[in-house]
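Taking it in order: structure first as structure tokens, then the write-up.
The values are calculated or read from the model by the stated rules, or taken from the named source; none is laboratory data. Because the structure is a prediction, the values reported are computed rather than measured. Please note: Cβ atoms are built from the backbone with ideal geometry, for glycine as well, and neighbour counts cover all protein chains shown. Ligands, DNA and RNA are excluded from the accessible area calculation, which covers all protein heavy atoms including side chains. Shrake-Rupley method; radii C 1.70, N 1.55, O 1.52, S 1.80 Å.
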Amino acid sequence: MAASIVKRVSRVKKLNVSHISARYKLLTGFRHFSTSKQWNKALVLGVYENESTDSIDFTGTARKFDEKADGKISQLLLTVKKPLKCGKTRTLHAVDPEFSSVLVTCIGKRGEGYDELETVDKGRESIRAAVAKAVLQLRELGENEIEVDSCGDTEASAEGCHLALFSYDDLKAEKSRKPAVRISCATRYSQDKNSMEKEWRKGAILAEGQNLSRRLMEMPANLLTPTKFAEIVKEQLADKCEVLVRDKDWAESMKMGSFLSVARGSVEPPVFLEIEYKGRQSDSPLALVGKGVTFDTGGISIKPSQGMDAMRGDMGGAACVAGSLLSVSKLQLPVHVKAFIPLCENMPSGSATKPGDVVTAMNGKTIQVDNTDAEGRLILADALCYSEQFNPSLILDMATLTGAIDVALGAGAAGVFTNSENMWNKLQKASVRSGDRVWRMPLFNHYTKKITECQLADLNNIGGSRSGGACTAAAFLKEFVNNKNWLHLDIAGVMSNSGDVAYLGKGMSGRPTRTVIEFINLMSKETNN
Ligand code: BES
Ligand code: ZN
Ligand code: ZN
């Protein structure tokens, strides 16, 4: 620790006018002998928060780069009296002929870790946020090749930059798109370059999974129909997974009356995706289920038009399942996963389900559909029933299910309803690693009563009053699950990011993809899934 603190000693004398003019010489020099690529090379270095005004507490890598630059980095930083605070940055130019910009980013206090009240690893989160800010600032400066400090946690550093650099601008003119940036880990001073590269790759793959979820969620619903969703998933996963695309006739033959009752209002045909990743042989796969409503108008119980465009993200559960599978398969985790994704649109029309209609789910239970906007639970009911046929060791479903979970938790955490203490503990542990939090919610009989009191059928698809809306929705799903290890994640509150998560831009968030990948990783180590 002491070794990485650079003292403001004799070196500071070097920082005088001649040094400044040398900077300009260097700049001209760059222009003279370098290719444009060299011009665009930049470096991100981490420093810890440090009260002292005469020393810089560098990370191990940053200290080496400062030495390489004859201490110029620390000298320049110390010319300003105010020490860097967590999340703040300083950009330096012409301190190292290899890089046109060196951006120093503060990663918080040394030794920060798990915070019990926040249920998050603060050290890892600060690194993600600090490198994210750094690479975005460098992209603004036109840098396109950035070497990034591992900041003592290579995986978190890789996650932070790869998540930050995501943008969905495929539909914009070339000139309005964000420029492409190549990022790599600064491994040159590492004792064990191979393991550092491996960690970096893992972080990048975790981010890649979440970025696939974000892309799918952000895509407009006229382009991302159920059919197109299936096509993209096939394209992304086909070489690592088996992808079966089932059609409406298949769903009819399976007696998925609940799922089909939602799809019937739209001219877009429904699709039921079944995906298998076999990273190991086992008779009890881990089952993932995702709500795939590619657009939710509410149906006949139509939603207000303001903000309805966000309902293109109502396939967030499906997207997070696809994103998780991409990462799990790229990481080649030794686990057997089966995924089930019902996809359809929820539209009002002459053929749409009407309030008061009664439909029959795959397990024979009848459902009175009093509100056609509570459609997520209807499509999940059949998908959950179907998943049970494969003897899964656990079932984890994800769904942008209720506005009520947003009222309860906001974007702070995904709501988790589970019948297993053990599963809850594992998921929570996974979320501490990912920084994408979860919060446990109740599955009391109290809520079951609200949906079983029904005039015409076994179940009503709404709970009667708005109170406890996320809990009645979960209680409804519970009627279609027998598995002793079931987790339902209501992700409506975390669907989009409006600035809460520093390393995710504004827009669809892809949360909690990385938590689920970490959870599957944990499960792959513990059981014979
Ligand atoms: N897709 C919505 C839930 C939602 C709301 C997702 C906000 C993302 C952001 C869901 O299908 C829905 O409309 N739920 C209703 C249920 C109600 C009718 C019982 C809701 O939450 O209002
Ligand atoms: Zn709805
Ligand atoms: Zn919905």
With every protein chain kept in place and a 1.4 Å probe, the range 41-191 has an accessible area per residue in Å² of 41
Using the scaling law 2.2 N^0.38 Å as the reference, what is the normalised Cα Rg of the range 392-527? 1.08
Bin by bin, in steps of 10 Å, what percent of the Cα pairs in the range 43-162 do you find, going until the bin that has the longest distance? 15, 48, 31, 6, 0
Ordering 359-369, 252-262 by per-residue average of other C-beta atoms within 10 angstrom, highest first, gives 252-262, 359-369
State the Kirkwood hydrodynamic radius of the range 182-240 in Å, one decimal place, computed from all pairs of distinct Cα atoms. 13.9
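Looking at the range 212-527 only, what percent of DSSP beta bridges run antiparallel? Nearest 5 please.
Values: 23 of 47 bridges.
Percentage antiparallel, nearest 5: 50.
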For residue 312, solvent-accessible area (1.4 Å; no DNA, RNA or ligand), Å²: 50
Distance between the range 44-106 and the range 228-255 - C-alpha centres, whole angstrom: 51
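So for each of 229-237, 450-458, 293-301 I average, over its residues, the number of other beta carbons within 10 Å; can you give me the resulting order with the highest mean first? Show your work: numbers first, answer last.
On the way: 229-237: 18.9, 450-458: 16.4, 293-301: 24.1.
Listed from highest to lowest mean packing, they are 293-301, 229-237, 450-458.
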Could you tell me which of rounded, prolate or oblate describes the range 452-529, using a ≥ b ≥ c as the square roots of the eigenvalues of the alpha-carbon gyration tensor, with rounded for a/c under 1.5 and, failing that, prolate when a/b is larger than b/c and oblate otherwise? oblate
Tell me, what does the Kirkwood hydrodynamic radius of the range 368-407 come to in angstroms if you use every pair of distinct C-alpha atoms? 11.8
Give me the base-10 log of I(q)/I(0) for the range 266-375 at each q in 0.10, 0.14, 0.17, 0.18 Å⁻¹, Debye formula, one uniform scatterer per Cα, rounded to two decimals. -0.39, -0.68, -0.88, -0.94
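For the range 367-450, what ratio Rg/Rh do Cα atoms give with a Kirkwood hydrodynamic radius?
Working: Rg = 14.3 Å, Rh = 14.8 Å.
Looking at the range 367-450, the ratio lands at 0.97.
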Averaging over every viewing direction, what projected area does the convex hull of the Cα atoms of the range 316-406 cover, in nm²? 7.4
Can you give me the convex hull volume of the Cα atoms of the range 297-337, divided per residue and expressed in Å³? 67
One computes Rg over Rh for the chain from alpha-carbon atoms, with the Kirkwood Rh, and obtains 1.05
Bin all alpha-carbon pair distances of the range 113-245 at 10 Å intervals from 0 and give each bin's fraction as a whole percent. 11, 32, 32, 21, 4, 0
Keeping the other protein chains in place, figure out the carbon and sulfur percent of the accessible area of the range 41-191, with a 1.4 Å probe. 48
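Please figure out what share of the DSSP beta bridges in the chain is antiparallel and state it in percent, rounded to the nearest 5. Don't jump to the answer; show the numbers that get you there.
Working: 35 of 73 bridges.
The antiparallel fraction comes to roughly 50 percent.
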Alpha-carbon Debye profile of the range 472-511, log10 I(q)/I(0) at 0.17, 0.23 Å⁻¹: -0.59, -0.73
Taking Rh as the Kirkwood radius, which is the inverse of the mean 1/r over Cα pairs, what is the Rg/Rh value for the range 212-527? 0.93
How much accessible area per residue does the range 212-527 have, counting only protein heavy atoms and a probe of 1.4 Å, in square angstrom? 36
